[in-house]
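The values are calculated or read from the model by the stated rules, or taken from the named source; none is laboratory data. For clarity, every value in this text was computed on a predicted model and none was experimentally measured. Methodologically, a virtual Cβ is constructed for each residue, glycine included, from the backbone with ideal geometry; neighbour enumeration extends over all protein chains shown. Only protein heavy atoms, including side chains, enter the accessible area calculation; ligands, DNA and RNA are left aside. Shrake-Rupley method; radii C 1.70, N 1.55, O 1.52, S 1.80 Å.
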Amino acid sequence: MSCGFHAAMLLVLSGVAVVSTSAQQIATPAILNKVGITQNLNAQIPQDLVFRDETGKSVRIGDFFGQKPIVLSLVYFDCPALCTEVLNGELRTMKAISLDLGKDFEAVTVSFEPRDTPALANAKRDVYAGQYGRPGAADHWHFLTGEQQSIDALTNVAGFRYAYDSSIRQYAHAAAILVLTPDGRIDRYFYGVQYPARDVRLGLVEASEGKIGTLTDHALLYCYQYDPMTGKYGVVVMNVLRAAGGLTVLVLGIFMTIMFRRERKRPSGISQAAGAKTR
């Protein structure tokens with residue numbers, strides 16, 4: 001083939017690539033550039049932010065901090081799709097773990113739509129606390145509404161970015177739940193609408209600083225570590241090897257102790273038998 005033909009083909013392919021890139025840019029709505037989550041691990045949620053509870057009573061978000069870790073979700077109550085999936089995923093995970101809402105942790109769901117009302121919050125609370133089904137759930141899963149100033153302060157600290165699309169009268173937003181320490185510091189982010197029960201349980205145990213959970217949980221936390229990039233817990237190979245080595249040494253120590261004790265008892269038994277035969 002001639003050099004001219006090769007040059008022509010290169011121009012055609014380059015043009016296709018440019019068109020493809022342009023098509024991708026056109027296909028991605030500009031509003032999505034304003035949406036996302038920036039992890040602010042260890043950031044303190046301001047305790048004096050004022051919201052309204054399900055009855056319309058003014059409360060501070062710090063009122064829900066205290067002795068237990070908190071699962072925090074940011075949604076809006078009139079959302080037609082994604083927010084429902086976030087809450088459904090949160091509910092499924094909370095039901096799947098043996099830790100109890102109220103006894104071991106609290107749940108706080110805050111609407112980022114300032115026009116949402118306490119009546120909507122109350123309806124949501126009744127649905128999800130009812131489906132959770134364990135005693136006292138309605139008193140420990142809090143659904144809050146508030147003014148734009150408080151909403152902005154909370155979402156900014158949480159790194160939660162969203163945008164209103166006036167063309168469809170809906171919000172574009174990310175999907176995630178957060179785990180806070182008992183004093184309201186951001187400890188973990190779990191992304192999407194499905195939250196692995198093991199990971200959320202470990203996140204709650206870790207956020208509680210050892211105040212909840214079992215020995216098994218704490219052993220798993222030695223072998224698993226939270227990865228901020230994925231929002232999941234992964235195996236720490238070195239710690240697993242150390243744990244396996246320690247267990248091996250322990251088992252060998254027990255085995256050798258048992259064998260040593262048997263050997264000490266054996267000569268005494270033989271001597272007694274020999275004495276009986278002499279008589």
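Computed log10 I(q)/I(0) for the range 125-230 at 0.16 Å⁻¹: -0.97, from the Debye equation with unit scatterers placed on every C-alpha and solvent omitted. Placing unit charges on the Cβ atoms only, positive for Lys and Arg and negative for Asp and Glu, gives the range 19-160 a dipole magnitude near 200 debye about its Cα centre. Three principal axis extents of the range 59-101 based on alpha-carbon atoms, in descending order, are 34, 29, 9 Å. Given +1 at the Cβ of Lys and Arg, -1 at the Cβ of Asp and Glu and no other charges, the dipole of the range 155-226 around its Cα centre is 180 debye to the nearest 20. From the alpha carbon centroid of the range 163-228 to that of the range 72-96 is 13 Å. Rounded to the nearest angstrom and listed largest first, the equivalent-ellipsoid semi-axes of the range 30-115 from its Cα gyration tensor are 22, 19, 15. For LEU204, the shell of other residues with beta-carbons less than 13 Å away shows a net charge of -3, using +1 for Lys and Arg and -1 for Asp and Glu. With the convex hull drawn around the C-alpha atoms of the range 60-215, the volume per residue stands at 102 Å³. Measuring between alpha carbons in the structure, the pairs from LYS34/LYS232; LYS57/LYS124; LYS103/LYS211; LYS68/LYS124 lying more than 20 angstrom apart are LYS34/LYS232; LYS68/LYS124.
Shown are THR84, THR216, whose ranking by accessible area with a 1.4 Å probe and every protein chain present, most to least, is THR216, THR84.
These residues, LYS68, LYS57, LYS95, go from largest to smallest accessible area, 1.4 Å probe, as LYS57, LYS95, LYS68.
What does the charge count near SER150 come to, summing +1 for each Lys or Arg and -1 for each Asp or Glu among other residues with Cβ under 12 Å from its Cβ? Surrounding charge for SER150 is -1.
Put simply, the Cα atoms of the range 73-148 extend 35, 22, 17 Å along their principal axes, the longest span coming first.
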